[in-house]
Structures are given as C-alpha cells and as structure tokens.
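The values are calculated or read from the model by the stated rules, or taken from the named source; none is laboratory data. These numbers come from a predicted model, not from an experiment. Reconstructed Cβ throughout: ideal geometry from the backbone, glycine too, with neighbour counts over all protein chains shown.
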Amino acid sequence: MTSDTAAVLDEAYQRLHKTGPEFDGWLSNHGPMAAEAMARNGHAEHVHSWLDSYVSRLDEFPRGRGPVGADWQEALGDPRRIADWTTFFRHETAGQPWRQVVGTWWPRLLPGAAASATHGIIRVGHAVRALLADGEDAVHVTELAHGLGYWAARWQPVPGTTTRSPAAETGRRAAALTPAAALAAVPRIADQSGGFRDRLRQLAKLPGWPAALAAAPAQVSADEARAWLAGLADAAVFRYLGYGHGNPVMLVHAATAPTAILRTLPALSQDLWAPSAAAAWDAAAAITAIYAPPAPAPHETLPPLPAGPDAADEAFARAVGNGDEHAIKFADTAVEVHARTGDPVALAAAAHAVALIPRET
Amino acid sequence: MVRCLRSLGPMTTDPRALATAYFRAWKAHDAGALRALLADDATFAGPLGTAGNADEMATAIQGLFAITTDVVVQIMAADGGDVITWFDLHTTVAPPMPVANWSQVRDGKIVRVRATFDPRAIVA
C-alpha cells in the first residue's frame with residue numbers, strides 16, 4: 001500500500017469515527033472494515049464514493065455514561081458503554097504502544113469473540129492489518145481503539161467455552177480432525193430462526209456441541225496453531241461455496257472471523273496463538289451451527305471456477321462493484337485464501353457471495 | 001465406562017472382535033467404549049484427519065458422532081493382528097460412502113488405524 005493509499009484510509013477512518021459502531025439499533029457499522037479491505041486490495045479510489053453512500057445509513061457516535069476504570073469487568077458486554085469503552089481505549093493507546101495495548105487486552109477480550117456476531121474482533125483484525133502494513137499512524141491507532149471498544153462493549157462468549165476447564169486443556173492435544181472435517185461435523189441447532197443471540201443461546205443445549213468445541217487443538221505450538229487457523233479460514237471460505245445459501249450474510253463471518261484473528265497473530269506474543277486459534281474455532285463453529293443449511297446447494301447452481309492470471313483481482317473488483325459490505329469483506333478473505341492455497345474454489349466462493357448478497361441501498 | 005463396555009459385549013483380545021466392537025461403539029456414539037478399545041499410543045490417519053494418541057483419536061471420532069447416522073460393516077477380514085474392514089459410513093451431510101479401514105491390534109488393544117475413502121462429499 002502506498003502512503004497515498006494509507007492517507008485515503010486515514011480520511012475514511014476520520015469520517016467514520018464521527019459515526020457509531022452500530023446503527024438501526026444493532027447493525028454493525030462495516031465502514032472501517034470495508035474501507036480497509038478496499039484500500040488493501042487496490043481500490044482506494046473507490047473508498048470515498050462507497051462511503052458517501054454508506055455513511056448516510058449510519059448513526060452518530062453515541063454518548064458516554066461514565067469512564068471505564070478499575071471496574072472494567074463489569075462494563076464488559078454492556079453495549080450502553082460503547083462510547084465509554086472507546087474513550088478508554090483511546091486513552092490506553094495514547095499512553096503506550098498499540099501492540100502493548102493489544103497484548104494486554106487481547107486475552108481479556110478473546111473469550112468474548114462472539115461479540116456482535118464476531119464484528120468486534122473482525123474490526124480489530126482489519127485495524128491491526130492496517131497498522132502492520134502502514135506502520136505507526138495515529139488515525140490507524142484511533143481506529144484500533146474504536147474496534148477494541150466495540151468488542152469490549154459487545155463482549156459475548158460462545159456457550160460451552162467458559163466451562164471448558166483449564167485443567168482439561170493442560171495436555172497437548174493436536175487437532176485430529178482437519179478444519180474442513182471439523183466444520184462438516186458441527187451439529188446444527190434445531191430452530192434456525194431468530195437473531196444471532198437467540199440462536200447462540202441454543203448451543204448450550206445442543207447435543208454434540210461439546211464434542212464439536214473439542215475439535216480445536218489445545219496446547220500445541222504457535223506454528224501448529226497458526227497453520228491450523230489458516231486451514232480453518234481456508235476451509236470456511238471453500239465451504240461457503242456449497243453452504244453459503246443457508247444465510248449468505250451471516251455465514252460470511254465463519255471465514256472472516258478466523259481471518260481477522262489470523263491477521264492479528266503477528267502482533268501478538270506466540271503464547272497467545274493457540275488460544276487465539278481455539279477462539280477462532282469457537283466462533284466459526286458457532287456461526288456454522290446456527291446458520292448453516294442442512295445440505296449443500298446443487299452443484300449446477302454454483303459459479304464456475306475462475307481461471308487466469310487476473311482472476312483474484314477480478315473477483316475482488318466484482319465484490320466492489322456489488323458494493324455490499326459483506327461481499328467486499330468476504331472477497332477480501334477469499335482473495336487471501338486463494339493467495340495462500342492457489343485453489344480457485346476460493347474465488348468461486350467470492351463470486352457466489354456476490355450473487356447471493358444483493359446490495360442494500 | 002464399565003457399563004458402556006458391558007453394553008457392547010464381554011471384553012476380548014481377539015483382533016476381529018475388537019474391530020467389531022470399535023465399529024459398534026462408533027455406531028452407538030459410545031465414546032467411552034471406543035476409547036477403551038484403544039492403546040494409549042494408538043495412531044490414526046485418514047482423509048478427515050490424523051491423531052497421535054488415543055485421546056486425540058477418540059476426540060476426533062466423537063466429533064464425527066454429530067453427523068454419523070449409521071456404520072454398516074460390509075465385510076471384515078483378519079490376518080493375525082491385522083483387520084481390514086469395508087464399511088459404509090452414513091452421515092447427515094452426504095450419501096453413504098464406502099470406507100476401507102485397516103486396524104492393527106496388539107496385546108488386546110487397537111494400536112493403529114488407517115482409513116481411506118473419498119471425503120469430498122463430506123468436506124466440500
């Protein structure tokens with residue numbers, strides 16, 4: 001990314017920081033994430049025109065209720081404290097290096113990775129990628145503070161993960177199932193209706209859910225954890241091609257949440273990589289359990305596999321042309337998976353997302 | 001654990017009987033019984049994953065319980081401690097798929113399992 005492109009992203013962040021992290025009551029503000037994805041993939045020139053349309057849908061930044069301090073644990077998961085949490089992290093990042101803030105707060109927030117249907121951790125993942133790519137940048141750091149604040153205010157654990165005792169995780173246990181097999185084996189909730197939190201609650205009583213959670217590796221090396229996490233992101237993108245029709249928007253997050261965590265690993269100490277991979281699995285498995293359809297789409301309804309040297313660029317450009325924030329973010333992840341694996345199924349999945357997700361205007 | 005094993009029949013060291021108990025435990029979604037058939041250092045390798053010890057292996061198969069609706073053994077052949085089994089794996093996510101399984105038994109425990117099948121219908 002050139003410095004000009006980083007400047008475009010800074011301007012976008014500054015526009016977006018006047019708006020709240022949610023709008024219409026509970027919808028996530030995807031502006032910072034989509035803008036970063038576009039800038040990162042060579043579409044900086046489209047960022048502001050896209051925002052011109054998107055920002056009109058957003059709410060103003062909310063008012064605070066009081067500072068977050070020593071009682072921060074009581075404020076975790078309290079959406080009324082979004083502004084307070086954001087102020088808190090602006091102060092935290094102003095007083096110390098951003099990596100230090102992430103190093104302190106990542107393990108505290110990680111058990112609540114389901115926050116706002118994983119949008120908290122995803123926004124942080126985009127902000128960290130921007131900082132790692134562009135270097136120290138005050139506006140980028142502010143965006144990180146907004147992301148961390150949103151995550152903290154919507155902090156929400158996946159059912160079954162908080163009762164997973166540390167004692168049970170003390171022994172090294174490699175992931176015996178591949179990520180693709182583990183996703184395929186995730187049980188589905190019976191009542192596939194309602195909102196994210198209503199569906200999430202059903203996991204506590206879902207037969208087979210504890211066994212599904214156990215699919216993640218435990219106490220493995222940092223490199224093993226990173227490899228498994230990358231495999232999870234790959235598998236989730238590939239799986240979207242067959243199963244994305246179940247809920248085209250929400251199933252995007254089974255891939256984008258692990259990707260956000262994967263992108264953050266370089267900013268974390270290696271002892272946090274294995275728990276990060278486990279949290280990514282918890283999130284991806286939960287989204288799969290509550291939104292995946294019972295059967296894949298008929299093969300004849302799926303797009304052909306893209307080919308050619310420009311296939312990845314074309315896949316991302318199609319998503320930008322569509323304009324939907326989820327299509328853009330999924331294409332961003334799919335292009336990354338394609339670069340890692342060379343598998344055109346990732347690009348077909350991105351094309352499928354564009355077809356499945358109409359842009360809201 | 002004892003109750004689970006009892007439900008699957010008396011303890012045996014016969015390789016063919018152990019392999020039969022292995023598939024019966026899988027079919028019954030009985031993780032305890034399945035784990036009891038494995039040596040602690042048992043290993044597994046197949047299209048859906050690998051395991052380096054019995055706990056990893058049991059965890060993996062238990063993870064598949066959620067989609068396993070039946071395990072239908074078509075034929076089993078034993079040669080000393082080696083047992084080859086051809087079975088159909090019925091799942092909620094794909095048509096029944098034929099699987100070849102090679103189990104090795106030592107000292108009354110399964111020590112090594114290798115499986116091969118086309119996994120695309122499950123993981124695609």
Check your understanding: Out of the residues in region A:291-301 that are within 12 Å of another protein chain (Cβ to nearest Cβ) and without any contact (Cβ under 8 Å) to a residue 24 or more places away in the chain, which is farthest from residue A:343 (Cα to Cα)?
Key -> A:295
Practice item. Please find, among B:72, B:93, B:83, the residue that is surrounded by 16 or more Cβ atoms within 10 Å (Cβ to Cβ), free of Cβ contacts under 8 Å to residues at least 60 places away in the same chain and of a type in the set (A, V, I, L, M). Key: B:93
Exercise for review: Only residues that are closer than 17 Å to residue A:105 by Cβ and surrounded by fewer than 24 Cβ atoms within 10 Å (Cβ to Cβ): list them for region A:251-271, please.
Suggested key: A:263, A:264, A:265, A:266, A:267, A:268, A:269, A:271
**Study point:** Close pairs from region A:124-143: first in a helix (DSSP H, G or I), partner basic (Lys, Arg), Cβ under 6 Å, at least 6 apart
**Key:** A:125/A:263; A:129/A:263
Review point. So which pairs qualify, if the first residue must be in region A:177-193 and closer than 19 Å to residue B:44 by Cα, the second must be part of a strand (DSSP E or B), the Cβ gap must be under 6 Å, and the two must be at least 6 apart or on different chains?
Key: A:177/B:49; A:178/B:49; A:181/B:49
**Study point:** Residue that is nearest to residue A:324 (Cα to Cα) [pool: residues in region A:212-254 that are within 13 Å of chain B (Cβ to nearest Cβ) and acidic (Asp, Glu)]
**Key:** A:234
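Could you list all residues from region A:117-138 that are out of contact with any strand residue (DSSP E or B) (no Cβ under 6 Å at 6 or more places or on another chain) and of a type in the set (A, V, I, L, M, F, W, C)?
First, the residues of region A:117-138 that are out of contact with any strand residue (DSSP E or B) (no Cβ under 6 Å at 6 or more places or on another chain): A:117-118, A:120, A:122-138.
Once the filter is applied, which keeps residues that are out of contact with any strand residue (DSSP E or B) (no Cβ under 6 Å at 6 or more places or on another chain) and of a type in the set (A, V, I, L, M, F, W, C), region A:117-138 yields A:117, A:122, A:124, A:127, A:128, A:130, A:131, A:132, A:133, A:138.
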Check your understanding: more than 19 Å from residue A:127 (Cα to Cα), part of a helix (DSSP H, G or I) and without any contact (Cβ under 8 Å) to a residue 40 or more places away in the chain - does that describe any residue in region A:46-53?
Key -> yes
Check your understanding: Would region A:302-318 turn up any residue that is closer than 13 Å to residue A:234 by Cα, among the charged types (D, E, K, R) and touching a residue at least 60 places away in the same chain (Cβ under 8 Å)?
Key -> no
Exercise for review: State whether one or more residues within region B:3-22 are within 27 Å of residue B:123 (Cα to Cα), more than 14 Å from chain A (Cβ to nearest Cβ), in contact with a strand residue (DSSP E or B) (Cβ under 8 Å, 6 or more places away or on another chain) and touching a residue at least 60 places away in the same chain (Cβ under 8 Å).
Suggested key: yes
Review point. Just a yes or no: is a residue in region A:92-99 crowded, with 18+ Cβ neighbours inside 10 Å and touching a Gly at 6+ places or on another chain (Cβ under 9 Å)?
Key: no
Exercise for review: Only residues that are in contact (Cβ under 8 Å) with a residue 24 or more places away in the chain and of a type outside the set (A, V, I, L, M, F, W, C): list them for region A:56-79, please.
Suggested key: A:57, A:59, A:60, A:62, A:77, A:78, A:79
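Starting from residues that are in contact with a Pro (Cβ under 7 Å, 6 or more places away or on another chain) and among the aliphatic types (A, V, I, L, M), keep the ones in region B:17-70 and report whichever is modelled with the lowest pLDDT.
Step one: of region B:17-70, the residues in contact with a Pro (Cβ under 7 Å, 6 or more places away or on another chain) are B:47-48, B:66.
The next check asks that each one be among the aliphatic types (A, V, I, L, M); those that pass are B:48, B:66.
Values: B:48: 91, B:66: 87.
Checked region B:17-70; the qualifying residue modelled with the lowest pLDDT is B:66.
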Review point. Looking at (1) closer than 30 Å to residue B:68 by Cβ; (2) of a type outside the set (A, V, I, L, M, F, W, C); (3) surrounded by 16 or more Cβ atoms within 10 Å (Cβ to Cβ), can you tell me which one residue A:333 breaks?
Key: (1)
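Sort out which residues of region A:313-323 are of a type outside the set (A, V, I, L, M, F, W, C) and surrounded by 23 or more Cβ atoms within 10 Å (Cβ to Cβ), and write them in order of number.
Keep residues of region A:313-323 that are of a type outside the set (A, V, I, L, M, F, W, C), which gives A:313-314, A:318, A:321-323.
None; the set is empty.
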Exercise for review: Using the structure shown, decide if residue A:68 is hydrophobic (A, V, I, L, M, F, W, C), modelled with pLDDT of 95 or more, in the same structural domain as residue A:90 (by TED's automatic domain parsing) and under 14 Å from residue A:328 (Cβ atoms).
Suggested key: no
Point to revise | Extreme residue, farthest from the other protein chains (Cβ to nearest Cβ), among residues of region A:180-211 that are in a helix (DSSP H, G or I), surrounded by 13 or more Cβ atoms within 10 Å (Cβ to Cβ) and aliphatic (A, V, I, L, M) | key: A:200
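Of all residues in region B:91-124, count the ones that are closer than 26 Å to residue A:244 by Cα, within 14 Å of chain A (Cβ to nearest Cβ) and not hydroxyl-bearing (Ser, Thr, Tyr). Don't jump to the end; show me each part of the working.
Looking only at region B:91-124, we keep the residues that are closer than 26 Å to residue A:244 by Cα, and these are B:91-97, B:117-124.
Checking which are within 14 Å of chain A (Cβ to nearest Cβ) leaves us with B:91-95, B:97, B:117-124.
Still in the running and not hydroxyl-bearing (Ser, Thr, Tyr): B:93-95, B:97, B:117-124.
The number of residues fulfilling the criteria is 12.
Do we find a residue being in a helix (DSSP H, G or I), of a type in the set (A, V, I, L, M) and either at pLDDT below 95 or in contact with a Lys or Arg (Cβ under 9 Å, 6 or more places away or on another chain) (or both) anywhere in region A:88-99? Walk me through it before giving the result.
Step one: filter region A:88-99 for residues in a helix (DSSP H, G or I), giving A:88-95, A:98-99.
Now drop any that are not of a type in the set (A, V, I, L, M), which leaves A:94.
Filter again for either at pLDDT below 95 or in contact with a Lys or Arg (Cβ under 9 Å, 6 or more places away or on another chain) (or both), leaving none.
Among the residues of region A:88-99, not one is in a helix (DSSP H, G or I), of a type in the set (A, V, I, L, M) and either at pLDDT below 95 or in contact with a Lys or Arg (Cβ under 9 Å, 6 or more places away or on another chain) (or both), which makes the answer no.
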